[in-house]
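Colleague: Handing you a structure now.
Where a number appears in this text, it was derived from the coordinates with a stated rule and is not lab data. Not measured: the values here are computed from a predicted model. Because the Cβ atoms are built from the backbone with ideal geometry, glycine has one as well, and the counts that use them run over all protein chains shown.
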Amino acid sequence: MKNLKFTIAYNGLAYNGYQSQPGGNTVQDKVESALSKLMNQPVKINGCSRTDAGVHAREFVFNTVYDDTKSGIDENGLMSAMNGRLPRDISVLACEKVSESFHARFDAKGKEYLYLLDTSSVRNVFSEGFALHYPYFADTDKMLSAASEIIGTHDFAAFCKAEAKEHLKTTVRTVNEIKIIRKNNLLEFYVSGEGFLHNMVRIIVGTLIYVSEGKRSPEDIREALKSGDRKMAGKTLPPYGLYLNRVFY
């Protein structure tokens, strides 16, 4: 048996998220189908995370354990063959042999997400679907000051999709860093942590935007973390501006 670790990138606009589901048309479905044909056996993969419909990934990691006696393709050949078979909006960036005990999800030490805002006055048709158009003044100093309230280990119940909390043992999570970088008309929000709740990053960035607009204050963020009241945080931003940027091992 052989265990392979893959790193892929994908444009999530056409998919119902990463994870397989009854409706089909997911990134996992496409990858497993391609691998099964190339390896001459049914293949299941273990993803590092679950991204929602419309969310993108710059570096998404998965692993698969398979019977290498049924496949004569090595790692380099498999990477090339996968890129020839996968849809054009999914690309294999790396493929390497790892120990049989490696698991892409359980061995991950943390993740970094990126959210993009296009602050140009006129919508850029070439960033549509890849960045949220936000043609307003964004006070980065104000947002960074408020972000310091979020960094650390807290109960993030107020920063989670309501229905998702019913299935969780805890809503306590740790956010290690929040960076905001301006590149001309593009505003980049980097949020890294050990793990995230459903919609957590999209709500964090939405809350920081509300702070910039004067609709929320650092005191409101402290109260949201203390009370768990979803109304005290900001709006949930659309999925298409979000990227899984990096996974740490």
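Colleague: Once you have the Kirkwood Rh of region 165-234 from its Cα pairs, apply Stokes-Einstein at 37 °C and 0.692 mPa s and quote D in µm²/s. Mind dumping the intermediate values first?
Modeller: On the way: Rh = 13.3 Å.
Reported coefficient: 248 µm²/s.
Colleague: Along the charge dipole of the chain, pointing to its positive end and built from +1/-1 on Cβ of Lys, Arg, Asp and Glu, which listed residue (PHE6, ALA53, ILE204) has its Cα farthest out?
Modeller: Toward the positive end, the furthest listed residue is ALA53.
Colleague: Return the calculated 222 nm mean residue ellipticity for the chain, to the nearest 500 deg cm²/dmol, obtained by summing -39500 (n - 2.57) across DSSP H runs with n ≥ 4 and dividing by the residue count.
Modeller: -7000 deg cm²/dmol
Colleague: Tell me, in nm to one decimal, what length is gained between LYS142 and LYS235 on full extension, where the rule is 0.36 nm per residue of separation less the Cα-Cα distance?
Modeller: Separation in residues times 0.36 nm, less the Cα-Cα distance, equals 31.7 nm.
Colleague: When only DSSP loop residues count, what trypsin sites (Lys or Arg not before Pro) in region 161-195 have their Cβ near at most 14 other Cβ atoms within 10 Å?
Modeller: On the way: sites: LYS161, LYS165, LYS169, ARG173, LYS179, ARG182, LYS183; in loops: LYS161, LYS169.
Passing sites in region 161-195 are LYS169.
Colleague: What percent do you get for the relative contact order of the chain when only Cα pairs under 8 Å and 6+ apart count?
Modeller: Rounded, it is 24 percent for the chain.
Colleague: Still on this structure: Given the options ASP118, ASP220, ASP67, state which has the largest fluctuation in a GNM of the chain using a 10 Å cut-off (strictly under) for Cα springs.
Modeller: Looking only at ASP118, ASP220, ASP67, the largest GNM fluctuation is found for ASP67.
Colleague: Quick one: which residues, 5+ away or cross-chain, put their amide H under 5 Å from the amide H of HIS133? H built at 1.01 Å from N.
Modeller: Amide H to amide H, under 5 Å and 5 or more residues apart or across chains, HIS133 pairs with ASP118.
Colleague: Moving on. For region 27-119, count all C-alpha to C-alpha pairs, find those more than 23 Å apart, and express that count as a whole percent of the total. Walk me through the numbers before you get to the answer.
Modeller: Working: 1134 of 4278 pairs.
So the pairs more than 23 Å apart make up 27 percent of the total in region 27-119.
Colleague: If you average 1/r over all unlike Cα pairs in region 1-160 and invert the result, what Kirkwood radius do you get in angstrom?
Modeller: Values: mean 1/r = 0.0555 Å⁻¹.
Averaging 1/r across every pair of different Cα atoms and inverting gives 18.0 Å.
Colleague: Where does each of SER148, SER121, SER192, SER71 land when they are ranked from fewest to most other beta-carbon atoms within 10 angstrom?
Modeller: Sorted ascending by nearby Cβ count, the order is SER121, SER148, SER71, SER192.
Colleague: Further question on the same structure: Relative to 2.2 N^0.38 Å, what does the C-alpha radius of gyration of region 21-64 come to as a ratio? Two decimals please.
Modeller: Output field value: 1.19.
Colleague: Can I ask one more? With unit charges on the beta carbon (Lys/Arg positive, Asp/Glu negative), name the residue among PRO238, SER99, ILE73 whose Cα is farthest towards the positive pole of the charge dipole of the chain.
Modeller: Highest projection toward the positive end goes to PRO238.
Colleague: Along its three principal axes, how long is region 144-191 when you only count alpha carbons? Whole Å, largest extent first please.
Modeller: Its Cα atoms span 41, 20, 14 Å along the three principal axes.
Colleague: Cut-off 10 angstrom, C-alpha nodes, Gaussian network model of the chain. Which of LEU187, LEU168, LEU78 fluctuates the most?
Modeller: Result: LEU168 has the largest fluctuation of those listed.
Colleague: Hey, could you get me the Stokes-Einstein D for region 96-160, Kirkwood radius over alpha-carbon pairs, 10 °C and 1.306 mPa s, rounded to whole µm² s⁻¹?
Modeller: Translational D for this selection: 99 µm²/s.
Colleague: If eta is 0.692 mPa s and T is 37 °C, what Stokes-Einstein diffusion coefficient results for region 110-248, Kirkwood Rh from Cα pairs, in µm²/s?
Modeller: D, rounded to a whole number, is 219 µm²/s.
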